[in-house]
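Where a number appears in this text, it was derived from the coordinates with a stated rule and is not lab data. None of the values given here were measured: they were computed from a predicted structure. Note that we place each Cβ from the backbone using ideal geometry, even for glycine, and neighbour counts take in every protein chain shown.
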Amino acid sequence: MKGIFTRDERGVIVFLVIAVLVGVIVLAVGRVDPSRVEGLLPSTATVEEEVAESLAPVWPLNLNTAGETELVELPGIGPVRAGAIIELRQTLGRFSDPEDLLKVKGIGRRTLERMRPMITVDEILLPLEAEGE
């Protein structure tokens with residue numbers, strides 16, 4: 001007597017043992033909390049979203065340093081008004097108060113009040129080395 005099982009039967013048994021082991025592993029991995037395993041969940045952010053987030057303005061927006069791309073993020077401000085704000089800033093030298101925006105055509109009290117929590121006119125801080133020059 002050579003053995004209890006034929007060659008084909010041994011092949012089937014090996015296949016079934018491997019299938020059961022794979023099933024056990026799949027069940028065990030399914031019970032792991034994906035948030036605890038870094039890199040297990042794919043990122044849902046697209047490249048465009050990540051770039052937009054990195055370019056998003058920092059609030060409050062300093063009117064004395066903001067460029068056109070930041071200014072258009074304010075409510076009621078499009079490219080034309082953003083250009084007018086920059087032009088007024090160049091004329092004044094700097095904004096001393098958010099109320100200065102009322103000098104821009106198309107910006108009234110309501111628009112100013114909507115954007116007031118999002119703007120500031122803080123001083124521009126220079127490095128210590130540059131102050132003495």
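For LEU61, the amide hydrogen comes within under 5 Å of the amide hydrogens of ILE119, THR120, counting only partners 5 or more places away or on other chains and with H modelled in the peptide plane.
Cut-off is 10 Å between beta-carbons; in what order do LEU112, LEU27, LEU71, LEU102 appear when sorted fewest neighbours first?
Ascending Cβ contact count within 10 Å gives the list LEU27, LEU102, LEU112, LEU71.
Inter-part distance, segment 66-88 to segment 1-20, computed on C-alpha centroids, equals 76 Å. When you restrict to C-alpha pairs under 8 Å that are six or more residues apart and normalise by the size of segment 52-123, the relative contact order lands at 42 percent. Remark: segment 52-123 carries a charge dipole of roughly 380 debye about the Cα centre, counting +1 on each Lys and Arg Cβ and -1 on each Asp and Glu Cβ. What the Kirkwood sum gives for segment 52-123 is a hydrodynamic radius of 12.1 Å, with every pair of different alpha carbons counted.
For the pair VAL26 and VAL12, the difference between a 0.36 nm per residue extended length and the Cα-Cα distance amounts to 2.9 nm.
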